[in-house]
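Taking it in order: structure first as structure tokens, then the write-up.
We did not get these values from a lab; they are worked out from the coordinates using the rules stated. Small disclaimer: the values here were computed from a predicted structure and weren't measured. Backbone-built Cβ (ideal geometry, glycine too); neighbour counts: all protein chains shown.
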Amino acid sequence: MTAKIIDGKRFAEDLRGRIAGHVARLKAEHDITPGLAVVIVGEDPASQVYVSSKAKQTAEVGMNSYKYELPADVTEVELLELIRRLNEDKAVHGILVQMPVPKHIDPNKVIEAIDPAKDVDCFTPANVGKVQIGLPGPVSCTPLGCLMLLRDELGSLEGMHAVIIGRSNLVGKPMMQLLLRDNCTVTVAHSRTKDLAAVVRQADIVVAAVGRPQMIKGDWIKPGAVVIDVGINRIDAPERGEGKTRLVGDVDTAAASEVAGAITPVPGGVGPMTIACLLANTITTASLINGLTPPSDLTA
Ligand SMILES: NC(=O)C1=CN([C@@H]2O[C@H](COP(=O)(O)OP(=O)(O)OC[C@H]3O[C@@H](n4cnc5c(N)ncnc54)[C@H](OP(=O)(O)O)[C@@H]3O)[C@@H](O)[C@H]2O)C=CC1
Ligand SMILES: Nc1nc(=O)c2c([nH]1)NC[C@@H]1CN(c3ccc(C(=O)N[C@@H](CCC(=O)O)C(=O)O)cc3)C=[N+]21
């Protein structure tokens, strides 16, 4: 059997098309142009690429995009002051501070400074709690993107055994909440899990968010399972020439594709969905800030 390749890039394009429709409606009916502010500290080249593609896609769907590039030696006080200004700015409906921030800045202080009403990453305690009890609000971008792909592939997820590998606040834990809400039986595995292969073999749905290149092997996958590969790892690719690299996920995609029912590729899988869901969250926050019900097709 050869797995279906889940085209996240294409799904994200469709999602951005729907987002553009919601932006047009907010403008025409309510005179609101959603605005997203992205703050980046320092000059990590990977982050630069990621932030540029966010700005480009934000503009393409008709939203306003505001980019703040701060030097790596900016003080914590200065960064917090910028966040406070963005909290007050009526044109800004979403604030994203690219993580990680330099070591001399406390990421928890950054998170706590962001107004939960504008927290499009769903990092603040208020929004984490809302997701847990099912209240409307932004939902962590990567897990939201994974959920959309899974629902599209499977329809109802009810009763399925989902195994998530990774328990970070960014991916694993919010993924757990969303799959539980969709009536999956959820197992969360991590670095202390015993016999990970045996745990993964039980899964109808595998979500790999570990950050270890190709760690999840083909023979760990139950035949027909749906595999969502969140990992983005840059590895050496001497076959492409000296000094060249390529991106791979946390799953051994070639081997897993022999067994799985469907699988997301890297690149072109979850990554593009993360960015599209960031824009979706900006519609959600712009709606809620203005007392409107957010569009149901952009959230969990
Ligand atoms: N596609 C996208 O849009 C995004 C991709 N990513 C990628 O996803 C991956 C995960 O990101 P993130 O959640 O932030 O990573 P973290 O490093 O924060 O978390 C990794 C998790 O994996 C677990 N883990 C580490 N080693 C093992 C192991 N050998 N066996 C089992 N579990 C293990 C850790 O366990 P423990 O808690 O015990 O330490 C931890 O819970 C990375 O590759 C990242 O680049 C991240 C965000 C967005
Ligand atoms: N506050 C904050 N929020 C985040 O959501 C956040 C963050 N900080 N810091 C970094 C991680 C990582 N992340 C990615 C999103 C999309 C791609 C993506 O689009 N990847 C493309 C490939 C891009 C390439 O070729 O380099 C793909 O998978 O197809 C990658 C990585 C969001 N993160």
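Are any residues in region 162-179 under 19 Å from P125 (Cβ atoms) and either part of a loop (DSSP other than H, G, I, E, B) or in contact with a strand residue (DSSP E or B) (Cβ under 7 Å, 6 or more places away or on another chain) (or both), and if so, which ones?
If the condition is that a residue be under 19 Å from P125 (Cβ atoms) and either part of a loop (DSSP other than H, G, I, E, B) or in contact with a strand residue (DSSP E or B) (Cβ under 7 Å, 6 or more places away or on another chain) (or both), then R167, S168, N169, L170, V171, G172, M175, M176 are the ones that fit.
What are the residues in region 1-56 that are in contact with a strand residue (DSSP E or B) (Cβ under 7 Å, 6 or more places away or on another chain) and part of a helix (DSSP H, G or I), if any?
S47, V51, K54, A55
Identify, by number, the condition in (1) away from ligand 1 (no atom under 11 Å from the Cβ); (2) part of a helix (DSSP H, G or I) that N183 doesn't meet.
Against the list (1) away from ligand 1 (no atom under 11 Å from the Cβ); (2) part of a helix (DSSP H, G or I), N183 comes up short only on (2).
Of G249, G268, G291, G211, which residue is without any contact (Cβ under 8 Å) to a residue 24 or more places away in the chain and either closer than 30 Å to P138 by Cα or under 20 Å from the mean Cα position of the chain (by Cα) (or both)?
G291
Of everything in region 129-155, what is in contact (Cβ under 8 Å) with a residue 12 or more places away in the chain, more than 15 Å from ligand 1 (Cβ to nearest atom) and on the phi < 0 side of the Ramachandran plot? Give them in sequence order.
V131, Q132, P136, P138, R151, D152, E153, L154
How about region 126-141: which of its residues are surrounded by fewer than 24 Cβ atoms within 10 Å (Cβ to Cβ), assigned to a helix (DSSP H, G or I) and in contact with a helix residue (DSSP H, G or I) (Cβ under 8 Å, 6 or more places away or on another chain)?
A126, V128, V131, Q132
Among the residues of region 94-109, are any in a loop (DSSP other than H, G, I, E, B) and basic (K, R)?
Yes, some residue in region 94-109 is in a loop (DSSP other than H, G, I, E, B) and basic (K, R).
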